[in-house]
Each structure stands twice: as structure tokens, then as C-alpha cells.
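The values are calculated or read from the model by the stated rules, or taken from the named source; none is laboratory data. Keep in mind it's a predicted model, so treat the numbers as computed, not measured. Using ideal geometry, Cβ is built from the backbone for each residue, glycine included, and neighbour counts are taken over all protein chains shown.
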Amino acid sequence: MILEQKMKYNFVSWITWHYTQGVGKTKGYSPRHDDILMFSKNKNFVFNINAVRIPQKFYRSINNMRGANPGNVWKFSHVHYCSANRQQHPTQKPEALFERMILASSNEEDIVLDPFYWFRHFS
């Protein structure tokens, strides 16, 4: 509500990131997803579907052979705790997750702000 009403941003998409391993729990279900809410400063937002197409699951004559829209449930592996790319952050996201969002929602030569870059690389 703050982003939409106070800051006048426009809701674009609700993405669910599904990952293979969650927090180990002995009571209740282990989480296996994070939610990502995407907003835009204006209603005429960029969506470059050709930059993010994924392979078709099944062949049909009506399929776009360049690939399908990835939809709003994304399956990316999490950054494993033993990975050389792992930082000291409890909810580190894989770069491929950000890459898809940036490719889809910006054009070449656009400036993209990553306010968390410093934390991921220097903390």
C-alpha cells in the first residue's frame, strides 16, 4: 500500500521464487519459496519477453519456437552455503533471479540501481 498509494508506484507482478532446499524444520513445513513484488514508476513499463523466454515444455504447432513466457513461478536453485559465491546474508538470492528481472524490465543502455550491491560484495 505504501508503494502504490504513498509513492504512486504501479504494481507489475507477483513472482514466486521456488527453490529446492529450504530451512530445515522439525515441526511444520520447510519453506521452499520467496515472494517478489515488482513495481514500476509508471504504467507504461518495459517488458522484454524475448529477453527471458524459456524452452517450451511440450511441442505443439502453435508454440512460439523462440520459447515461452516464464510465468510468475520461477525455479532457481538457491546459493548453497558451501558455494564460493555465498555471502554472509541469510536470504541471499541467486544472480540468475535478478538477471531475469533486469533483462525483462529494462532496455540496453538503461541505468539499473542495485541498492544492495555494496552489502552483497563488501560486507
Original post:
If you go through segment 47-63 one residue at a time, how many are closer than 20 Å to residue 100 by Cβ and out of contact with any Lys or Arg (no Cβ under 6 Å at 6 or more places or on another chain)?
Top reply: 9
**OP:** Kindly indicate whether residue 57 is exposed (fewer than 10 other Cβ atoms within 10 Å of the Cβ) and either farther than 19 Å from residue 113 by Cα or of a type in the set (Gly, Ala, Ser) (or both).
**Re:** yes
**OP:** Would you please name the residue that is nearest to residue 79 (Cα to Cα), looking only at residues in segment 16-46 that are touching a residue at least 60 places away in the same chain (Cβ under 8 Å) and either loosely packed, with under 10 Cβ neighbours inside 10 Å or out of contact with any Lys or Arg (no Cβ under 8 Å at 6 or more places or on another chain) (or both)?
**Re:** 36
Original post:
Mind checking which pairs have a first residue in segment 97-123 that is in a loop (DSSP other than H, G, I, E, B) and a second that is at pLDDT 80 or above and surrounded by fewer than 10 Cβ atoms within 10 Å (Cβ to Cβ), Cβ under 9 Å, 6 or more apart or different chains?
Top reply: 106/112
**OP:** Please go through segment 60-72 and pick out each residue that is small (Gly, Ala, Ser) and either closer than 25 Å to residue 94 by Cα or surrounded by 13 or more Cβ atoms within 10 Å (Cβ to Cβ) (or both).
**Re:** 67, 68, 71
Original post:
Looking at (1) modelled with pLDDT under 75; (2) assigned to a strand (DSSP E or B), which is the only condition residue 74 fails?
Top reply: (1)
